[in-house]
Amino acid sequence: MVGVDFSEVAAAAARRRARELGVDCRYVVAELPGAPLRDGCADLVYTGKGALIWLSDLTAWAGDVARLLKPSGHLFVHEAHPMVPLWTWDEDEPRVRPDRGYFDRDHVNDTFPANGAVERQVTLAEIVMAVLSAGLEILHLSEHPEPFWRPDGVEAAAWRGRLPNSFALLARLETRA
């Protein structure tokens, strides 16, 4: 098993956790596209829980995923739904933020410390089309009301089952005849 993360801090923490659990896993500090891994080295590529918001080119990412996959290998994505940046964290009612739009290219995530992480924003269609353009076949796509992350002490009405907060996508590298 090989883990890839652009953060040395995250990779070091994952290495420590793997040692604690006795799991044989190597961690590479790199980004996709561009990880120094050989073509066709993976049965499964997992991307998720906040990774896509940092990618500048989804088509290049999906192409590199396809490069890494063995024939009939799978991609599994579990991410925040692209609508999530629109929801307020109001407790009484789910509301749409008036300062953000679904088709905006980015937004400032004011929940980060110092009110200032710029996150890229894409639509669900852009994610799906990037995966398809890389030659992967989509086997499953589902949307879920549960967020994959909730900050301590926050109970947003947007998380109470009426709005999409996460999605899962399973795709397979098409085998060429």
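A few points about this structure:
- In degrees, nearest ten, helix 8-21 long axis to first principal axis of the chain (Cα): 70
- With helices as the sole contributors, the chain gives -6000 deg cm²/dmol at 222 nm; each DSSP H run of n ≥ 4 counts as -39500 (n - 2.57), and the sum is divided by every residue.
- Pair E31, R19: separation of 7 Å Cα→Cβ label points (nm): 2.9
- Pairwise Cα distances in segment 135-177 exceed 17 Å in 49 percent of cases.
- The amide H of G3, built 1.01 Å from its N in the peptide plane, has R26, Y27, V28 as neighbours under 5 Å, considering only residues 5 or more places off or on other chains.
- Å² per residue, accessible surface of segment 113-177 at 1.4 Å: 57
- Vicinal HN-Hα couplings computed from phi for segment 94-101 (Karplus, 6.51 cos²θ - 1.76 cosθ + 1.60; Hz; Gly/Pro x): x, 9, 9, 5, x, 9, 9, x
- Each peptide among 131-140, 93-102, 57-66 gets the average number of other Cβ atoms lying within 10 Å of its residues, and from highest to lowest they stand as 57-66, 131-140, 93-102.
- For the chain, Kirkwood radius (reciprocal of mean inverse C-alpha pair distance, Å): 17.6
- Cα long-axis angle, helix 58-68 against the chain (0 to 90 degrees, to the nearest 10): 30
- The chain, accessible surface, carbon-and-sulfur percent (1.4 angstrom probe): 54
- Near K49, the amide H atoms lying under 5 Å from its own belong to H78, E79, A80; only residues 5 or more places off or on other chains count, and H is placed 1.01 Å from N.
The values are calculated or read from the model by the stated rules, or taken from the named source; none is laboratory data. Bear in mind that the values here come from a model prediction, so they are computed numbers and not experimental data. Using ideal geometry, Cβ is built from the backbone for each residue, glycine included, and neighbour counts are taken over all protein chains shown. Only protein heavy atoms, including side chains, enter the accessible area calculation; ligands, DNA and RNA are left aside. Shrake-Rupley method; radii C 1.70, N 1.55, O 1.52, S 1.80 Å.
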